[in-house]
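Have a look at the structure below, then the notes.
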Amino acid sequence: MNPPRYFCENCGAEVRRNDKVCRNCGRFFNSVKCPKCDYSGEVKDFDFGCPVCGYAERATAAPEPFKAPPVPAGPLPVWVYLAVGLAFVGIVALLVNALR
Ligand SMILES: [Zn+2]
Ligand SMILES: [Zn+2]
């Protein structure tokens, strides 16, 4: 899990979570601003992402796990029963011949 990222509310430059001053524009700040919902709060509020919308920008978003479509479970075709029946009859016939 990547930590949430923080951006200067004045110039939008990315800043570190513990920065007290923007390295880009020099603005002092003791709050961070959510780039998604514009919520501003203390740095500690953003430890696990935006407390309002849950936004936490990640370097790489985990792709959705691929889910195979479920195979429809319908009744077996008639030829399956015929094949099983014929195989059974054939095995019985072989056994009968072998016992003779
Ligand atoms: Zn700035
Ligand atoms: Zn937010």
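Here are a few things to note about the model shown:
- Region 1-51: number of residues that are more than 15 Å from ligand 2 (Cβ to nearest atom), of a type in the set (A, V, I, L, M, F, W, C) and at pLDDT below 80: 3
- Matching residues in region 21-50 - criterion: being near ligand 1 (Cβ under 10 Å from one of its atoms) and closer than 14 Å to ARG5 by Cα: CYS22
- Among the residues of region 27-45, the one identified as more than 13 Å from CYS11 (Cα to Cα), among the basic types (Lys, Arg) and not in a loop (DSSP other than H, G, I, E, B) is LYS44.
- When we screen ASN10, ASN18 for residues that are assigned to a loop (DSSP other than H, G, I, E, B), surrounded by 13 or more Cβ atoms within 10 Å (Cβ to Cβ) and within 16 Å of ligand 1 (Cβ to nearest atom), the only hit is ASN10.
The values are calculated or read from the model by the stated rules, or taken from the named source; none is laboratory data. Small disclaimer: the values here were computed from a predicted structure and weren't measured. Positions of Cβ are backbone-derived with ideal geometry, glycine not excepted, and every protein chain shown enters the neighbour counts.
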